[in-house]
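Participant: After the structure tokens below, expect a handful of questions from me.
No lab work stands behind these numbers, since they all come straight from the coordinates. The structure displayed is predicted, hence computed values, not measured ones. Virtual Cβ from ideal backbone geometry, glycine too; neighbours counted across all protein chains shown.
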Amino acid sequence: MNSAAAPVVRMQGVGLRYGKAQALRDIDLDIPAGVMAGLIGPDGVGKSSLLALVSGVRALQDGRIEVLGGDMASARFRAHVSPRIAYMPQGLGKNLYPTLSVMENVDFFGRLFGHDRAERKRRIGTLLAATGLTPFADRPAGKLSGGMKQKLGLCCALIHDPELLILDEPTTGVDPLSRRQFWALIDDIRAERPGMSVLVATGYMEEAGRFDWLVAMDAGRVLATGAPAELLASTGSTTLEQAFIALLPEEKRAGYRPVEIVPHAADADTEIAIEARDLTMRFGDFTAVDGVNFRIRRGEIFGFLGSNGCGKTTTMKMLTGLLPPTQGEALLFGKPLDANDLATRRRVGFMTQSFSLYSELTVRQNLMLHARLFGLPEADIEPRVQAMAERFDLLDILDALPDALPLGDRQRLSLAVAMIHGPEMLILDEPTSGVDPVARDAFWRALIELSRRDGVTIFISTHFMNEAERCDRISLMHAGGVLVSDKPQAIVAARGAPTLEDAFIAYLQEAASEAPPEPARPTPASAGAGPAAFAHAANRSFSLRRLFSYTLRESLELRRDPIRLTLAVLGSILLMLVLGYGITLDVEDLAYAVLDHDQTSISRDYSLSLSGSRYFSERAPLANYDELDRRMRAGEISLAIEIPPGFGRDLLHGRPVQISAWIDGAMPTRAETVRGYVQGIHQHWLSRRLREALGETAVVPLATVETRFRYNPDVRSLPAMVPAVIPLLLMLIPAILAALSVVREKEMGSIINFYVTPSTRLEFLLGKQIPYVVLAMASFLLLVLMAVVLFRVPVTGSFAALALGALLYVISSTAFGLLISTFVRSQVAALFGTSILTILPAVQFSGLIDPVGSLEGAGRLIGNIFPTTYFVIISRGTFSKALEFSDLQSSFVPLLISIPTLIGLTAMLLRKQQR
Amino acid sequence: MKQQHVRNIAQLGIKELYSLLRDPIMLVLIVYAFSFSIYTAATAMPETLHKAPIAVIDEDRSPLSERIVDALYPPYFMPPTRITLSELDARMDAGLDTFALYIPASFQRDVLAGRAPTIQLSVDATRMSQAFTGSGHIQTIVLDQVNEFVRRERTVSIPPVELVLRARFNPELNKSWFGGVMQIINNITMLSIVLTGAALIREREHGTLEHLLVMPVSPFEIMASKVLAMAAVVLVASAFALNVVVRGLMGVPIEGSLPLFFFGAALHLFATTSLGIVLATLARSMPQFGMLLLMVLLPLQMLSGGSTPRESMPEIVQFVMLAAPNTHFVLLSQGILYRGAGLEVVWPQLISLAVIGSILFMFSLARFRKTLASTE
């Protein structure tokens, strides 16, 4: 061990907390350079946090970290060192883009590190060949198996020849053969590049045996460091798992007893609890489970061993009736499984890998709910819950919420819930994943007791070899098929392998040689370059290549996401239709009726004057007040005119008469419009009438007001609304899409790629913005087309001015969306936050309804700085007022100012690290 | 067996209520939607004429023209800007004024001489709301001022036929009455879809849905429990809003029978909660649900007749919207709450809601079963 060399990572007094939770406490650690160093410990002890700090993904809170000889707290140093570090986060394919193909994924990383086309081609070629991914270059990353995803992740990490490779649980959930291949690949790479340091976190203790140097961690602290042999020697253990348990603090080991397996006293006469006959499940053309057969006897513990996605969960779902098999059948206690037979469900308990508990209900409420749903008699529920709580050691936490509990407690609660109705069989889908070894062993003791004492049949799936060894019998599963079923010892013996894992791999290789090839052992991996020629080609300054690599990737992703694409393309069209027709205030063909007490030619002339206009349409006349009341109440008529008796006679004699009009006031805006129309028609009738009766000269008004409605002579809603709705929609939807594009990456985790690569904030932002600007311009053209063709609202002014205004405006609105994305975390928040923050100012304060000048206070201030205000002026000017560019210059200036302001602000607020 | 059915639905329903109780965001949303949102929507309905910008070209400069200009004052109008005729077009083009009043030279003299001169009013008709009511308003003001001015000089005969206009159900055409109640209706729709959809998606994302399905519980019970629980929450909240906020705080009189209204609301909720389930089965995740919501909710609210009258929409839109529960619910609510309509008037809406609700419920149950079967 070259401990003489300077350590690759040096940590002093490092601490990290998330809110109240302390993830790391006061860590002092020197990790030697040029070795393969491993962090070991179960989930949640701080391994991932530590790696995130070392890679620079997460911002340092307390203490000091030096990586490759520099201070990671310095942004300058991080920018300088990022091309020398590669980081592969936890989770299968976490930093990959699932809709992008293998090739596109690697290519994106190559562009980020500034390689030119020829260089990328060469490097990607070598890497894909080395990892055996070449035949799958066009397959979307999301459709790869777990092992292949990890290899692809490795390709993406290695494309720039890093000096420090950080891998966070790279093999969790991967089948043993792929796991072995993965480590072989790493060995090859290290042989090529002996100077490279590798830092790995893992939960598999067996795997850690092959590392050069280990850090054992628990509860945010370092328990011990040293070579595997040293750890074994110092604890006097034979396996690393035992060594780890021995290293745990006293209180955690309290009550720890090794698992003792009582052999299952099964004979041929014992009843068969479950039987699978040729179970097959196909999803489309993908066969998830292919002809699985087994028989499990009562009281047996039967294990299903396999990697993620090999069909374990699907098989279990078929056994529980959740999925009807495509072919074959499952027998439960000798009877064919019927998904609709609720009675058999009472005999089975089920526990899934995610411990599906109601996190909103307390432990007690969870137990009670399940007891009730299983129809336990009300009197038995209380004692049963009590008994389960005692048996699974939940008494102290009965009133706690599951989310507040450690994983081990949640796991016991899950088991208690699954056992609440006293089932004869338990189906457990990876019940121990992520749980620490001590809790895991306690869980197994409970299982063994259930099986041996209570005769419960247990069907369990796992990807831990040592757990599989505890089962009475196991099935090895791979790619939807069962490779072999037998007692664990028998399987090992049959292959003549030293361990169960070796036996499993032997079966996998056998299967692989028959089946179409998942690539065999790779050729030696020369990750890329010759000596350091390109190693640090990536530089700090602004790079168009990196910017466009974001643009390219964003466009590809958008094209493959149907719902977002629909929103982008159809959203504005749909909303334009809705708003165009929905905001119209025109009153046309309003139903009215006349209560004519007079019935003379004059009164009929009056009512004709109403029906003659396009605003009103006459219904059957009214006979009396009761009818008036009834028909208006029913909403059948909105206006009633009452002409008094003797109307014609009085009028002719010049006696004052009164006509009454009742308007339905339920909808006040409409009522006001109606009132205006009725008044107008009344006046018009009156003057015509007087002219006819009394001659032209008789009535001379004192003065007249001649109203000219400019730009929209008929005062119709559509010509007024359409030019105002376009700015609204070009704000709302582009802003939402732009905000989602960043927040989505935050939620999916791929934003890590921005943190760890040498991209600058501006490259990231502008790169992501471009596709949305293009998309928004396309929808602008569509909206204008709709306005002209569908709504018949022509562009009377300069289209060029309108288009230029739209371009500036959508750059501004997408930038506004990006700005919002800097302070929201979830997509849902981004969606609704952006909607509220754009709709309110755009509708209320931007001159859409009332001119900004008519507003007061904050509304006016917002109206004056919000870009929509100015685009509304441009849009109305070019649509309705026949204006040219020169008339509108003053409205372009604020748009021009808004762009650098918004983008600058966003770049300032966007973080280059997690906090 | 039947009894177990009902018991399961009740148990699951109670669980939904507990879940809601522990979800602060949804609680805030409910409280906001049924108090502040209604209050602000009702009181913030803009008076159509408020501080309208107006310019005056006064070439007369007489006592009468001064009188007219002085009569245009806040809050209806901004203090008038005096401009010249040559400035007019540019100012209107730039959108500085909504109205421009042109009083020609020797206006007063012509009025007194009985030559009936004409005042020109230019209106920027792209600003619909101000343009329409404002022009009528200005016309009345001008003529009133002229009449009053002349009346001092000589007597004027009153027009022989008077038109008496009365607004039924809302005599002062108070907009907050309309705004408040319509906002309740919109929020009933919005919340029922959001709550039910989110409850289903949350359950699916947490994996607890599968867990329920391996228990002796049928998909029908799961769905019915969500529909019932969320509808009950929305119903209670809207009852509170209608009685306390709208009737109490804002003093809006309610004409008709509240039990009948809430019966209608329950039928409407039956339809919209089912719609929430349908959307939740279409969306794969909460964000997708949000996007779908945006595209579904807005048309439902805008085109149902709740914000603008149905009869002014194109016939095809009116016809298509008959399939939406909102349309019928808006008709029913306006009838009952404003016009005091009874069962004999609103029964067609009740039947429509029941039919639409049943169809949506059956459809969502079918979709729900289908997505359960295809979960991977």
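Participant: Angle, helix B:219-240 long axis vs. longest principal axis of chain B, Cα atoms, 0 to 90°, nearest 10?
Facilitator: Taking Cα atoms only, the helix is inclined about 40 degrees.
Participant: A further question follows. Please work out the Cα center distance from the stretch B:1-38 to the stretch A:751-806, rounded to the nearest Å.
Facilitator: 42
Participant: Taking H placed 1.01 Å from N in the peptide plane, check which residues at least 5 places from B:Ala341 or on another chain put their amide H under 5 Å from its amide H.
Facilitator: Counting only residues 5 or more places away or on other chains, the set is B:Ile336.
Participant: If you find the alpha carbon centre of the stretch A:70-110 and of the stretch A:415-470, how far apart are they in angstrom?
Facilitator: 39
Participant: So if I take the alpha carbon set of the stretch B:46-86, get Rg, then get Rh from the Kirkwood formula, what is the Rg over Rh ratio?
Facilitator: Details: Rg = 11.2 Å, Rh = 10.9 Å.
Rg/Rh for the stretch B:46-86 comes to 1.03.
Participant: While we're looking at this one, here's another question. Using the C-alpha gyration tensor of the stretch A:776-915, what are the square roots of 5 times its eigenvalues, in whole angstrom, with the largest one first? List each step's numbers first, then the result.
Facilitator: Numbers: eigenvalues 158, 59, 47 Å².
In descending order, the three semi-axes are 28, 17, 15 Å.
Participant: To continue, here is another question. Before anything else, pin down the relative contact order of chain A: Cα pairs under 8 Å, at least 6 apart, normalised by residue count, whole percent. Working shown, then result.
Facilitator: Numbers: 1571 pairs, mean separation 107.1, N = 915.
That works out to 12 percent.
Participant: Looking only at chain B, where both bridge partners belong to it, what percent of the DSSP beta bridges are antiparallel (to the nearest 5)? Could the numbers behind the result be given before it?
Facilitator: On the way: 4 of 12 bridges.
Restricted to chain B, the bridges split so that about 35 percent are antiparallel.
Participant: Select from the stretch A:731-812 those trypsin sites (Lys or Arg not before Pro) which occupy a DSSP coil region and have at most 16 other Cβ atoms within 10 Å, ordered by residue number. Intermediate results must be reported in sequence, preceding the final value.
Facilitator: On the way: sites: A:Arg744, A:Lys746, A:Arg761, A:Lys768, A:Arg792; in loops: A:Arg792.
Those satisfying the criteria are A:Arg792.
Participant: Counting each DSSP H run of 4 or more residues in the protein assembly as shown as -39500 (n - 2.57), what helix-only mean residue ellipticity at 222 nm follows after dividing by all residues, to the nearest 500 deg cm²/dmol?
Facilitator: Numbers: 48 runs with 664 residues, N = 1291.
Here the helix-only value at 222 nm equals -16500 deg cm²/dmol.
Participant: What does the charge count around A:Gly334 come to, taking other residues whose C-beta lies under 10 Å from its C-beta (Lys +1, Arg +1, Asp -1, Glu -1)? Numbers along the way, then the final one.
Facilitator: Numbers: positive: A:Lys335; negative: A:Glu271, A:Glu275.
Neighbour charge sum, excluding A:Gly334 itself: -1.
Participant: Which whole-number percent is the relative contact order of the stretch A:588-639 (Cα, under 8 Å, 6+ apart)?
Facilitator: Numbers: 57 pairs, mean separation 27.3, N = 52.
Relative contact order, the stretch A:588-639: 53 percent.
Participant: Would you mind working out the magnitude of the charge dipole of the protein assembly as shown relative to its Cα centre, with +1 at each Lys and Arg C-beta and -1 at each Asp and Glu C-beta, to the nearest 20 Debye?
Facilitator: Values: 119 positive and 123 negative charges, 264 e Å.
Here the protein assembly as shown has a charge dipole of around 1260 debye.
Participant: Mind checking which lysines have their Cα closer than 19 Å to the Cα of B:Lys175? Skip sequence neighbours fewer than 8 apart in that chain.
Facilitator: Result set, ordered by chain and number: B:Lys51.
Participant: Taking N as the number of residues in the protein assembly as shown, what is its alpha-carbon radius of gyration divided by 2.2 N^0.38 Å?
Facilitator: Values: Rg = 37.9 Å, N = 1291, 2.2 N^0.38 = 33.5 Å.
That ratio works out to 1.13.
Participant: Average the reciprocal distances over every distinct pair of alpha-carbons in the stretch A:9-253, invert the result, and give the Kirkwood radius in Å.
Facilitator: Working: mean 1/r = 0.0535 Å⁻¹.
For the stretch A:9-253, the Kirkwood estimate is 18.7 Å.
Participant: Just counting partner chain Cβ atoms within 10 Å, what average do the residues of peptide B:129-142 show around their Cβ? Let's see the in-between values first.
Facilitator: Working: counts 7, 4, 7, 9, 5, 0, 6, 7, 1, 2, 5, 2, 1, 3.
Mean shielding count: 4.
Participant: Take the Cα of A:Ile836, step 7 Å along the line toward its Cβ, and report every residue of the stretch A:554-584 whose backbone nitrogen sits under 16 Å from that point.
Facilitator: Under 16 Å, as judged by backbone N against the label point of A:Ile836, lies no residue of the stretch A:554-584.
Participant: May I pose another question? Alpha carbons only, please: Rg and Dmax for the stretch B:73-226, in angstrom.
Facilitator: Final numbers for Rg and Dmax: 30.0, 95 Å.
Participant: Which far-off residues, 5 or more places away or on another chain, put their amide H under 5 Å from the one on A:Asp290, with H placed in the peptide plane?
Facilitator: For A:Asp290, the qualifying residues are A:Met281, A:Gly481.
Participant: FRET efficiency for A:Ser601 and A:Asp714, Cβ-Cβ distance as r, R0 = 30 Å, nearest 0.05? Write out the running numbers ahead of the final one.
Facilitator: Values: r = 32 Å, r/R0 = 1.07.
Computed FRET efficiency for A:Ser601 and A:Asp714: 0.40.
Participant: Now a separate question. Kindly express, to the nearest 10 degrees and within the range 0 to 90, the angle between helix A:761-785's C-alpha long axis and the longest C-alpha principal axis of chain A.
Facilitator: 40
Participant: Take A:Met465, A:Met88 and order them by how many other Cβ atoms sit within 10 Å, fewest up front.
Facilitator: Listing A:Met465, A:Met88 from fewest to most nearby Cβ atoms yields A:Met465, A:Met88.
Participant: According to the Cα gyration tensor, what semi-axes, each the square root of 5 times an eigenvalue, does the equivalent ellipsoid of the stretch A:614-697 have, listed from largest to smallest in whole Å?
Facilitator: That gives 27, 17, 10 Å for the three semi-axes.
Participant: Filter the GluC sites (Glu not before Pro) in the stretch A:609-681 down to the DSSP loop ones having no more than 16 other Cβ atoms within 10 Å, then list what survives.
Facilitator: Values: sites: A:Glu618, A:Glu627, A:Glu636, A:Glu642, A:Glu672; in loops: A:Glu636.
Those satisfying the criteria are A:Glu636.
Participant: Sort A:659-670, A:798-809, A:182-193 by packing, meaning the average of other beta carbons within 10 Å per residue, with the highest value first. If you can, show how the numbers build up before the last one.
Facilitator: On the way: A:659-670: 22.4, A:798-809: 19.6, A:182-193: 17.4.
Going from most to least packed, we get A:659-670, A:798-809, A:182-193.
Participant: On full extension of the chain, what length is gained from A:Tyr625 through A:Met908, given 0.36 nm per residue of separation minus the C-alpha to C-alpha distance?
Facilitator: Details: separation 283, 0.36 × 283 = 101.88 nm, distance 7.02 nm.
So the extension gain works out to 94.9 nm.
Participant: Taking chain A as the reference, fit the longest principal axis to its C-alpha atoms, fit the long axis of helix A:544-559 to the helix C-alpha atoms, and give the angle between the two in degrees, 0 to 90, nearest 10.
Facilitator: Long axis of A:544-559 versus the principal axis of chain A: about 80 degrees.
Participant: Compute the label zone of B:Met362 within the stretch B:244-271: residues whose backbone N is under 20 Å from the point 7 Å along Cα-to-Cβ.
Facilitator: In the stretch B:244-271, the label zone of B:Met362 (backbone N under 20 Å from the point 7 Å along Cα→Cβ) covers B:267-271.
Participant: Can you pull out the GluC sites (Glu not before Pro) in the stretch B:39-112 whose DSSP state is coil and whose Cβ has at most 16 other Cβ atoms within 10 Å?
Facilitator: On the way: sites: B:Glu47, B:Glu59, B:Glu66, B:Glu87; in loops: B:Glu47, B:Glu59.
Those that pass, being in a loop and sparsely packed, are B:Glu47, B:Glu59.
Participant: If you plug each phi of the stretch B:344-350 into the Karplus form 6.51 cos²θ - 1.76 cosθ + 1.60 with θ = phi - 60°, what whole-Hz ³J(HN,Hα) values come out, in order, with x for Gly and Pro?
Facilitator: For the stretch B:344-350, the Karplus curve yields 5, 9, 9, 4, x, 5, 4 Hz.
Participant: Give the relative contact order (percent, whole number) for the stretch A:590-694; include only Cα pairs under 8 Å separated by 6+ residues.
Facilitator: Numbers: 125 pairs, mean separation 32.1, N = 105.
Taking the mean separation of contacting Cα pairs over the length of the stretch A:590-694, I get 31 percent.
Participant: What do you get for Rg/Rh of the stretch B:54-151 when both radii come from the Cα atoms and Rh is the Kirkwood radius? Present the calculation step by step, with values, prior to reporting the outcome.
Facilitator: Numbers: Rg = 13.1 Å, Rh = 13.7 Å.
Over the Cα atoms of the stretch B:54-151, Rg/Rh equals 0.96.
Participant: Mind listing the long-range amide H neighbours of A:Ala23? Cut-off is under 5 Å, sequence gap 5 or more, other chains count too, H placed in the peptide plane at 1.01 Å from N.
Facilitator: Amide H to amide H, under 5 Å and 5 or more residues apart or across chains, A:Ala23 pairs with A:Leu16, A:Arg17, A:Tyr18.
Participant: At 10 °C and 1.306 mPa s, grab the translational diffusion coefficient of the stretch A:353-509 from Stokes-Einstein with a Kirkwood Rh over Cα pairs, rounded to a whole number in µm² per second. Can you show the working numbers first?
Facilitator: Details: Rh = 17.1 Å.
For the chosen part, D equals 93 µm²/s.
Participant: Taking a point 7 angstrom from the Cα of B:Glu205 along the C-beta vector, which residues in the stretch B:276-296 have backbone N less than 15 Å away?
Facilitator: Residues B:280-293 fall inside that zone.
Participant: Given labels modelled 7 Å from the Cα in the Cβ direction, how far is it in nm from A:Ala800 to A:Ser611?
Facilitator: My value for the distance between the label points is 5.6 nm.
Participant: Over all directions, the average projected area of the alpha-carbon convex hull for chain B comes to how many nm²?
Facilitator: On the way: hull surface 100.6 nm².
Taking the Cα atoms of chain B, their convex hull projects to 25.1 nm² on average.
Participant: I would also like to ask the following. What FRET efficiency, computed as 1/(1 + (r/R0)^6) with R0 = 41 Å and r the Cβ-Cβ distance, is obtained for A:Asp502 and A:Arg122, rounded to the nearest 0.05? All intermediate terms of the calculation are to be shown ahead of the outcome.
Facilitator: On the way: r = 37 Å, r/R0 = 0.91.
Efficiency, rounded to the nearest 0.05: 0.65.
Participant: Additional query: Net charge within 13 Å of A:Val594 by Cβ-Cβ distance, Lys/Arg positive one each and Asp/Glu negative one each, not counting A:Val594 itself?
Facilitator: Numbers: positive: A:Arg604, A:Arg619, A:Arg631; negative: A:Asp596, A:Asp598, A:Asp605, A:Glu618, A:Glu627, A:Glu642.
Here the charged neighbours net out to -3.
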